[in-house]
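K.L.:
Dropping a structure here in structure tokens format, bear with me for questions.
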Amino acid sequence: MSPDRARRLILRWGSTIAVVVLAFVAWTVWVDRTELPSLTPDVSVVVEDRNGRLLRGFTVADGRWRLPVTTQEVSRQYLDQLIAFEDKRFYRHSGVDLWAAARAVGQAVWNGEVVSGGSTLTMQVARLLEDSGTGSWRGKVRQMRVAWALERVRNKSEILELYLRIAPYGGNIEGVRAASLSYFRKEPFRLTEGEAALLVALPQSPESRRPDRAPDRAKAARDRVLDRGVVANVLSADAAKAAKREAVPTKRFTFDFLAPHISERVVAVAPTVLRHRLTLDHQMQSKAEALLARHVQGRHAALSGAVMVVDHQTGAVLVSVGSPDYLDTGRQGFVDMTQAVRSPGSTLKPLIYGLAFDAGIAHPETIVTDGPVRFGPYAPQNFDNAFRGQIRVREALQLSLNIPAVMMLDAIEPSVLMARMKRAGARPELPSERAAGLAIGLGGVGLRLTDLMGIYASLAKGGLAVPLVYDLDAEVDVAVRPPVIGPVAAWYVSDILSGVAPPNGAVREGVAYKTGTSYGHRDAWAIGFDGRHTVGVWLGRADGASMPGELGAELAAPVLFDVFAAIKPKLDPLMRPPPEALTVTNAQLPTQLKTYRKPGSRAVDTLPEITFPPSGARLVLVGEDGIVAKVDRGVPPFSWLANGKPVVVESFERQADIDVPGPGFLSITVIDAMGQSQAVRVVIE
């Protein structure tokens, strides 16, 4: 080759290479200087349950549903069909598939119309981010430029996730997760082949192919995607044939609106977090909400309620229902009654007795006197204004008698009860600045349903404090907390409550529970547990108005047992008695536990003894005269009961006139100042 020809070749190739290099540099500068749209489009804030199921979502500012989703949360079948149909070289090109673009141009020139598109998934993301059209060459060039630039700052997985979040599916539905929930009422990882194919087809023409409006067009588009999947070997011919037989949805489902109160609470605390993962269980929450709504239906229009379920082994809150209907203004459904401060009624009695058991001053079989008693100016009365005389502590708690409970509280002191409630995680509120008094044992303190759930969860877990947990991603507090009560005392309480009669028609086995009714019938409570779950129910009016005649045992207890039946087919067994527990009769108890006496009180050598009438006597009533009963020993003043009703209160005399109602059996009880008593039974003729 001559030197001149060699120079010409070098010059020619050099010029070509220079042009290519300059073109590449110019292209690189052009791409690098691309002003990208926001790569973080607004996404709906969602609240999810412990398994990732949507509890409640919030639309973005323009009212669209655009739920967060990752490639790991979408079925593999959907992703394979998407790539096969939309962009088979997605993982090999740099944002623009030049071969596909050239083919699309050639087909358009040859046929005189657009036959196939050359847009890659990256280009579609670019178009959707900028909301640019597809009809002009200028728009197409802009999409190519943004696609190249996008591939330089985001990897393939991130670009694919952008598509999964913002692809249009008709109306205000965007993104594959919102579409899957809206059209199939299921999360996208559970999509079938036919469902996946439909969601691949819709974004190409989201309005004209909406299955709820044009099911035939939607089906035809879906079938084309399935055919392409067979050609691309992402599904078999038999699978595609079966998928084509699947029915196309003809309506859109509304998104779940579960746990609205707690959802709003967690979003308000952390408004910048897109996904809030709670410990709630979607299925349990749904059943509990429906159940509570049914129970208030047909009752007073202002009746509200709340239900909670806690796994007391972990502290995880599985159900939190703040009202029967969030949107019911008549019931003030927007008020979260799990957080409302209310009177707990008798629901603190189990903890009071537990503290008494812990202090060694009582046992479930200890005899306690239910009779007239006064603590300074405070004279508690039982709910029915009657007295039972001598009764076992077990029965006193099961019958929810007020007087024995206040006697125990007087011994352990109200300040101790307040401290132990706080140890259980409760935040008790007193009605005044004064120190806690004995009235707190009967409901004279403000508590929330969440507070009572912590208290009862500790009873169910052997007395250990159980901090309630709502956030699934929260760091677990492993700090050792002092017990609320000891394990033996907790078992005593559990054993007693498991013997409370259930509501009519309810299955009792394995549920330990307590009901409560606040003063003025403003609050009806039922709290109970089995070996794994603690359930709490409150019913009342959000405005605090009275509900005459409504009782916790009749209004709230049926809901409690229905919740247990709804959330689990079989109850977990209650805790077994610790080795130290005394499972004996009253006769086998140590002497100091056989009959209750307040610690520190002056003991007497003998109990009060009714010297007249003797037990078993048959007395003939003359005229309208009554009986003169006499007592020996014991510590005055004395109170006398006839058939459980007080007839003489705090008399320092050792005899009393007892009115006789008429012929029949008559029980006469005397109670001295130490709470010691004796009873006789006679026959009046």
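K.L.:
For residues that are surrounded by fewer than 24 Cβ atoms within 10 Å (Cβ to Cβ) and in contact (Cβ under 8 Å) with a residue 60 or more places away in the chain, scanning just region 519-529, find the one that is farthest from the chain's Cα centre (by Cα).
P.N.:
Here the answer is Y519.
K.L.:
Ok, one more. Would you mind stating whether S498 is free of Cβ contacts under 8 Å to residues at least 40 places away in the same chain and farther than 18 Å from T338 by Cβ?
P.N.:
When the stated conditions are applied, S498 does not pass them.
K.L.:
Which condition breaks for W99 when tested against (1) modelled with pLDDT of 75 or more; (2) surrounded by fewer than 19 Cβ atoms within 10 Å (Cβ to Cβ)?
P.N.:
(1)
K.L.:
Considering each of A457, A489 in turn, give the residue that is more than 22 Å from M308 (Cβ to Cβ) and touching a residue at least 40 places away in the same chain (Cβ under 8 Å).
P.N.:
Sole residue among the options that is more than 22 Å from M308 (Cβ to Cβ) and touching a residue at least 40 places away in the same chain (Cβ under 8 Å): A489.
K.L.:
Another one. Which condition from (1) in contact with a Gly (Cβ under 7 Å, 6 or more places away or on another chain); (2) touching a residue at least 24 places away in the same chain (Cβ under 8 Å) is the one that P428 breaks?
P.N.:
(2)
K.L.:
Go through (1) under 16 Å from L571 (Cβ atoms); (2) in a loop (DSSP other than H, G, I, E, B); (3) in contact with a helix residue (DSSP H, G or I) (Cβ under 6 Å, 6 or more places away or on another chain) for V484 and report which single condition fails.
P.N.:
(1)
K.L.:
Now for a separate question. Just need a number here: residues in region 608-637 that are among the aliphatic types (A, V, I, L, M) and at pLDDT below 75.
P.N.:
1
K.L.:
Any idea which of G662, G634, G675 is of a type outside the set (A, V, I, L, M, F, W, C), under 16 Å from R388 (Cβ atoms) and not in a strand (DSSP E or B)?
P.N.:
G675
K.L.:
Are any of the residues in region 239-258 in contact with a helix residue (DSSP H, G or I) (Cβ under 6 Å, 6 or more places away or on another chain), acidic (D, E), in a loop (DSSP other than H, G, I, E, B) and without any contact (Cβ under 8 Å) to a residue 60 or more places away in the chain?
P.N.:
Yes; the residues of region 239-258 include at least one that is in contact with a helix residue (DSSP H, G or I) (Cβ under 6 Å, 6 or more places away or on another chain), acidic (D, E), in a loop (DSSP other than H, G, I, E, B) and without any contact (Cβ under 8 Å) to a residue 60 or more places away in the chain.
K.L.:
In this structure, does T279 turn out to be surrounded by 21 or more Cβ atoms within 10 Å (Cβ to Cβ), farther than 30 Å from A196 by Cβ and outside the structural domain of E187 (by TED's automatic domain parsing)?
P.N.:
yes
K.L.:
In the set R138, R152, which member is over 41 Å from the mean Cα position of the chain (by Cα) and modelled with pLDDT under 85?
P.N.:
Of the residues listed, the single one that is over 41 Å from the mean Cα position of the chain (by Cα) and modelled with pLDDT under 85 is R138.
K.L.:
Among the candidates A439, A435, which residue alone is over 27 Å from the mean Cα position of the chain (by Cα) and in contact (Cβ under 8 Å) with a residue 24 or more places away in the chain?
P.N.:
A439
K.L.:
Shifting gears a bit: Name, by its number, the condition in (1) assigned to a strand (DSSP E or B); (2) surrounded by 14 or more Cβ atoms within 10 Å (Cβ to Cβ); (3) on the phi < 0 side of the Ramachandran plot that does not hold for A553.
P.N.:
It fails just one condition, (1).
K.L.:
Check whether at least one residue in region 461-480 is assigned to a loop (DSSP other than H, G, I, E, B), at pLDDT 90 or above and more than 25 Å from the chain's Cα centre (by Cα), and report yes or no.
P.N.:
Taking every residue of region 461-480 in turn, none turns out to be assigned to a loop (DSSP other than H, G, I, E, B), at pLDDT 90 or above and more than 25 Å from the chain's Cα centre (by Cα).
K.L.:
Give me the residue from region 299-354 that is surrounded by fewer than 21 Cβ atoms within 10 Å (Cβ to Cβ) and of a type in the set (D, E, K, R) and, out of that set, nearest to the chain's Cα centre (by Cα).
P.N.:
Checking each candidate, the answer is D311.
K.L.:
Spot the failing condition for M421; the list is (1) in a loop (DSSP other than H, G, I, E, B); (2) within 29 Å of P377 (Cβ to Cβ), and only one is missed.
P.N.:
If we test M421 against (1) in a loop (DSSP other than H, G, I, E, B); (2) within 29 Å of P377 (Cβ to Cβ), just (1) comes out false.
K.L.:
Quick check on region 46-66: of everything there that is modelled with pLDDT of 95 or more and of a type in the set (A, V, I, L, M), which residue is farthest from L258 (Cα to Cα)?
P.N.:
V46
K.L.:
Inside region 326-362, can you point out the residues that are more than 20 Å from R522 (Cβ to Cβ), of a type outside the set (A, V, I, L, M) and in contact with a strand residue (DSSP E or B) (Cβ under 9 Å, 6 or more places away or on another chain)?
P.N.:
Residues satisfying the conditions are Y326, P350.
K.L.:
Now for a different question. Would you check if L292 is touching a strand residue (DSSP E or B) at 6+ places or on another chain (Cβ under 7 Å), in the same structural domain as A545 (by TED's automatic domain parsing), buried (at least 16 other Cβ atoms within 10 Å of the Cβ) and part of a loop (DSSP other than H, G, I, E, B)?
P.N.:
Taking the combined requirement at face value, the residue does not satisfy it.
K.L.:
Let me ask you something else. For region 261-282, give me the residue count where each residue is touching a residue at least 24 places away in the same chain (Cβ under 8 Å) and either closer than 20 Å to R177 by Cα or among the hydrophobic types (A, V, I, L, M, F, W, C) (or both).
P.N.:
Count: 13.
K.L.:
How many residues are surrounded by 14 or more Cβ atoms within 10 Å (Cβ to Cβ) and either of a type outside the set (D, E) or in contact (Cβ under 8 Å) with a residue 40 or more places away in the chain (or both) if we restrict to region 221-238?
P.N.:
11
K.L.:
In region 594-615, is there at least one residue being within 47 Å of the chain's Cα centre (by Cα), buried (at least 18 other Cβ atoms within 10 Å of the Cβ), among the β-branched types (V, I, T) and in a strand (DSSP E or B)?
P.N.:
Yes.
K.L.:
Out of the residues in region 645-676 that are of a type in the set (S, T, N, Q) and surrounded by 18 or more Cβ atoms within 10 Å (Cβ to Cβ), which is modelled with the lowest pLDDT?
P.N.:
The extreme case among them is Q676.
K.L.:
Among the residues of region 146-198, how many are surrounded by fewer than 21 Cβ atoms within 10 Å (Cβ to Cβ), of a type in the set (V, I, T) and more than 17 Å from A126 (Cβ to Cβ)?
P.N.:
1
K.L.:
Right, another one. Among L202, L258, which is the only one that is at pLDDT 95 or above, closer than 30 Å to V60 by Cβ, in contact with a Leu (Cβ under 6 Å, 6 or more places away or on another chain) and not acidic (D, E)?
P.N.:
L258
K.L.:
Can you pull out the residues in region 66-76 that are surrounded by fewer than 22 Cβ atoms within 10 Å (Cβ to Cβ), out of contact with any Phe, Trp or Tyr (no Cβ under 7 Å at 6 or more places or on another chain) and more than 14 Å from S157 (Cα to Cα)?
P.N.:
P68 - this is the single residue of region 66-76 that is surrounded by fewer than 22 Cβ atoms within 10 Å (Cβ to Cβ), out of contact with any Phe, Trp or Tyr (no Cβ under 7 Å at 6 or more places or on another chain) and more than 14 Å from S157 (Cα to Cα).
The values are calculated or read from the model by the stated rules, or taken from the named source; none is laboratory data. Not measured: the values here are computed from a predicted model. Glycine gets a Cβ as well: all are built from the backbone with ideal geometry, and neighbour counts include every protein chain shown.
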